[in-house]
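The block underneath contains the structure these notes are about, expressed in structure tokens.
The values are calculated or read from the model by the stated rules, or taken from the named source; none is laboratory data. Quantities reported herein were computed from a predicted structural model and do not represent experimental measurements. Every residue, glycine as well, gets a Cβ built from its backbone with ideal geometry; the counts of neighbours run over all protein chains shown.
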Amino acid sequence: MGLEILVVDDDPLSRKITSGVLQSAGFNIFTAGSGEEALALVKTTAPALAVLDVLMPDMDGFELCRRLRRSPETAQIPIIILTGLKELDDRLQAYDAGADDFIPKPLEPAEFVARVKALLRRSSVTVEPAAPKSDNRTIAVFSLRGGCGVSTLAVNLAVGLAQVWDYKTALVDLALTNGQAALMLDVPLRNSWADLAPIPFNEMEPELIRRVLLRHPCGLDVLATPREPELTEMLVKDQVDHVLSVLKSQYEYVVIDLPHDFRDTTLAALDVADLIVLLLTPELASIQNASSALRVFDKLGYPPEKIELVLNWTFKGNGLSRAQIEKSLKRSIRVAVPNGGDVFSTAITLGKPVTYAQPESPFAALFEDLAFHWSNPVHKSSAPKSPKEGYQRVQARIKSRKEKQK
């Protein structure tokens, strides 16, 4: 293969074992016994991938990972954290530091090599500049009340669009203080809005914005929020306006996961959205918040057809009926998401959205169907030459429903 991999470990025996496994797989290896030595090495030799041990005396692997991510010359190097620590907190700390993968010791050689190769394949995919998209469709998912499932719907909708269409799809997490898109998709948080926050909007080149996006295996690109909310305190409306404008010119579909407020950055997204999905649950506080949101939308001059109400039955047992809610809001509700029990909480815990991990399940079918329903009418007007599996599943369900109506 000839690719060079950096192995950093202060234990000579562990360093030799790790290097031997990789050399047997055909990789060229260079090693460092400390974080400082590693930082000196990468100034002259750029590895295709780095494997870092955590427990080192001068600088642990987490700090070394953070320093590699902070330097423009090494920020894009794929990084694997290799350690005897197995606690969940250690894994989260590895991802917070910017690692792409976390592998506990002792090594299982075949699995280790397979994950190294998979990471190298993903990192070799470059995003080509795209021509401006005149057929972009931007969908914002919003609720003034927390706990309605905004992020769950936004993530699964974005995955659904990526699985149905062979078009470029981006998910933008604008819940800047508590966004969880990267966690829900189990993508390493190596870049985020924090990389863009210090940069004036007129200096944000499209290539820079593309480099900050994270890639999910389904083909979805994600602009994530950092785990430290203070890192986005400098972010202002002009920057968000510019980033969304660039993404709308590069992607056919942009899905925006919004916070539960009307701050300037939220309004920037609502203004550019072609469709606002207003999420509510069947309880009084949620209905009151939905009513408040609708009044604000009316004052902002948003046409009624721009807003789609979705009723998410987030709890078991009785709640206000759809008819009661429609009467109160004076708006029809065409979409209702049934209670999923532990389905969604399990998906969030594992970082595996149901639409991606269980494409044949009823909830995946619902989200894929919604993705198709809310798609650009131009795209829906004719079948793709090479339809993706998601598109085929949607069409099969449409055909089945039509046959049942006969």
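Before moving on, here are some points about what is shown:
- Those strands (runs of 3 or more DSSP E) lying entirely in region 1-85 with at least 2 residues closer than 12 Å to Ala99 by Cβ and at pLDDT 90 or above: 49-53, 79-83
- Picking from residues in region 367-386 that are among the hydrophobic types (A, V, I, L, M, F, W, C) and at pLDDT 95 or above, the one that is farthest from Lys306 (Cα to Cα) is Phe367.
- Checked against the criterion of being more than 23 Å from Ser192 (Cα to Cα), of a type in the set (Asp, Glu) and surrounded by fewer than 18 Cβ atoms within 10 Å (Cβ to Cβ), the candidates Glu4, Glu63 yield just one match: Glu4.
- Qualifying residue in region 262-269 (condition: outside the structural domain of Glu73 (by TED's automatic domain parsing), of a type in the set (Gly, Ala, Ser) and touching a Ser or Thr at 6+ places or on another chain (Cβ under 7 Å)): no
- From the options Val255, Val240, Val246, Val222, residue that is in a helix (DSSP H, G or I) and buried (at least 22 other Cβ atoms within 10 Å of the Cβ): Val240
Matching residues to (1) touching a Gly at 6+ places or on another chain (Cβ under 6 Å); (2) farther than 18 Å from Val150 by Cβ; (3) of a type in the set (Ser, Thr, Tyr):
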| residue | (1), (2), (3) |
| --- | --- |
| Asn318 | no, yes, no |
| Arg322 | no, yes, no |
| Gly340 | no, no, no |
| Val354 | no, no, no |
| Glu368 | yes, yes, no |
| Lys388 | no, yes, no |
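Listed here are the residues, each with its yes/no results for (1) in a helix (DSSP H, G or I); (2) more than 27 Å from Lys168 (Cα to Cα); (3) touching a strand residue (DSSP E or B) at 6+ places or on another chain (Cβ under 9 Å).
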residue: Val310; (1), (2), (3): no, no, yes
residue: Thr346; (1), (2), (3): yes, yes, no
residue: Tyr356; (1), (2), (3): yes, no, no
residue: Leu370; (1), (2), (3): yes, no, yes
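- Ala383 vs. criteria surrounded by fewer than 17 Cβ atoms within 10 Å (Cβ to Cβ) and out of contact with any helix residue (DSSP H, G or I) (no Cβ under 9 Å at 6 or more places or on another chain): no
- In region 320-329 there is at least one residue that is closer than 29 Å to Gln163 by Cβ and at pLDDT below 95.
- Residue pairs whose Cβ atoms lie under 9 Å apart, separated by 6 or more positions or on different chains, with the first residue in region 330-348 and in contact (Cβ under 8 Å) with a residue 12 or more places away in the chain and the second polar (S, T, N, Q) and assigned to a loop (DSSP other than H, G, I, E, B), are Val337/Thr314; Asn339/Thr314; Gly340/Thr314; Val343/Gln358; Val343/Ser361; Phe344/Thr314; Ala347/Gln358; Ile348/Gln180.
- Residue in region 11-23 that is farthest from Glu108 (Cα to Cα), counting only those that are in contact with a Ser or Thr (Cβ under 9 Å, 6 or more places away or on another chain) and buried (at least 19 other Cβ atoms within 10 Å of the Cβ): Arg15
- Within the span defined as region 281-300, one or more residues are surrounded by fewer than 16 Cβ atoms within 10 Å (Cβ to Cβ), closer than 24 Å to Leu247 by Cα and either not β-branched (Val, Ile, Thr) or not assigned by TED's automatic domain parsing to the domain that holds Ser245 (or both).
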